[in-house]
Number of protein chains: 2
Amino acid sequence: MSADATDARSIDARSMYTRLMNIGEAAQASGISAKMIRHYEQIGLMPKVARTFSGYRLYNQNDLHLLCFIRHARDLGFSTVQIGKLLELWHNQQRPSSEVKAMVSEHVRTLKQKIAELEAMQAELQRLVDGCHGDQRPDCPILDRLAN
Amino acid sequence: MSADATDARSIDARSMYTRLMNIGEAAQASGISAKMIRHYEQIGLMPKVARTFSGYRLYNQNDLHLLCFIRHARDLGFSTVQIGKLLELWHNQQRPSSEVKAMVSEHVRTLKQKIAELEAMQAELQRLVDGCHGDQRPDCPILDRLAN
DNA sequence: CTGGAGCTTACCATCATGGCAAGGTCAAGC
DNA sequence: GCTTGACCTTGCCATGATGGTAAGCTCCAG
């Protein structure tokens, strides 16, 4: 372990420069609910953080950084399993960037697939909506289509 | 109840023209798994169908028609709750088509929203992928972005 | 009559997230 | 110092659509 203060990994609960937070503040700062932070810890996505004598979780800047990473990945649609792999790659200084690229490309493919499916639904539904007069009469091409 | 043979609703287990099926055949014919057919029955989306003396479910053409309606709606992305409403409208001969149109339009809006979200993710990820050399070196703009 | 396919119910799992309840802790104000 | 309210802890249950599995019953063909 390097003691170089510019290395983010050297910041931990022992650092005098680290402001410690309870889970509520960490939740606010990271944009992840306290509930989910505990959940991520439980499934092993987050390491177990420090605790006060009375059992309150304590988050330092390093932990917060990790939480933010998770949130960014989550916001980009990665599953927790995928986020776990991304974190592994992030922490592994020897990773080849090709590995990251491959993983993310695969996710992009999945997204494109899902988008295509939703667009197909949307197009068909829009077509049906456009073909429905939408007045007081019961006659309805939308229901007709669903029924046949 | 009308006895008019051209009225689909008059076809039931008592009709001599209705071929009865077990759940497996109904599943094949409708494209919905037997498991899900039972589930739809349990949550009240399907009425309870007839049973043999020994308890096997029996599906007639009317039931099959209903199952197909459900499958079409499901394939267009409607939730079971929404499908329940669609079925109500379908069965209600007095419905105004405007009501159907409104429901479906709302669903289209939801789909568009979801598509937009996924597209935003996809675009950002694609941008990151394009900016990553993807070779043996550990340097990786994708992870950098997630970390900051 | 037997074997295998098909049916029954009931329970558990997924995935990400929220809610609730019962109880402990902490800090601020009186 | 004591009270109060905000915050924390764990644990359990729920969502929604779907799949799996297990134990046991039924049906049909050979």
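Details
Rundown of residues vs (1) more than 13 Å from DNA strand D (Cβ to nearest atom); (2) of a type in the set (S, T, Y); (3) touching an Asp or Glu at 6+ places or on another chain (Cβ under 9 Å); (4) not assigned by TED's automatic domain parsing to the domain that holds B:K114, yes/no style:
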position	(1), (2), (3), (4)
B:G24	no, no, no, yes
B:H39	no, no, no, yes
B:L58	no, no, no, yes
B:S79	no, yes, no, yes
B:L87	yes, no, no, yes
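- When residues of the range A:32-43 are limited to those that are modelled with pLDDT of 95 or more and in a loop (DSSP other than H, G, I, E, B), the one farthest from DNA strand C (Cβ to nearest atom): A:I32
- The helices (runs of 4 or more DSSP H) falling completely within the range A:44-148 that include 2 or more residues that are in contact with a Ser or Thr (Cβ under 7 Å, 6 or more places away or on another chain) and in contact (Cβ under 8 Å) with a residue 40 or more places away in the chain map to A:61-75.
- Residue within the range B:42-50 that is among the aliphatic types (A, V, I, L, M) and closer than 18 Å to A:L146 by Cβ present: yes
- Scanning the range B:43-63 for residues that are surrounded by 18 or more Cβ atoms within 10 Å (Cβ to Cβ) and closer than 12 Å to B:E25 by Cβ turns up B:R57, B:Y59, B:N60, B:D63.
- When the range B:1-27 is limited to residues that are at pLDDT 95 or above and assigned to a helix (DSSP H, G or I), the one that is nearest to B:L64 (Cα to Cα) turns out to be B:A26.
- Qualifying residue in the range B:104-118 (condition: closer than 28 Å to B:L146 by Cβ, among the acidic types (D, E) and facing chain A (nearest Cβ under 7 Å)): no
- Test: residue in the range A:66-79 that is facing chain B (nearest Cβ under 8 Å), out of contact with any Leu (no Cβ under 7 Å at 6 or more places or on another chain), among the small types (G, A, S) and surrounded by 17 or more Cβ atoms within 10 Å (Cβ to Cβ): no
The values are calculated or read from the model by the stated rules, or taken from the named source; none is laboratory data. Computed from a predicted model, the values in this text were never measured in an experiment. Cβ atoms come from the backbone with ideal geometry, glycine included; neighbour counts cover every protein chain shown.
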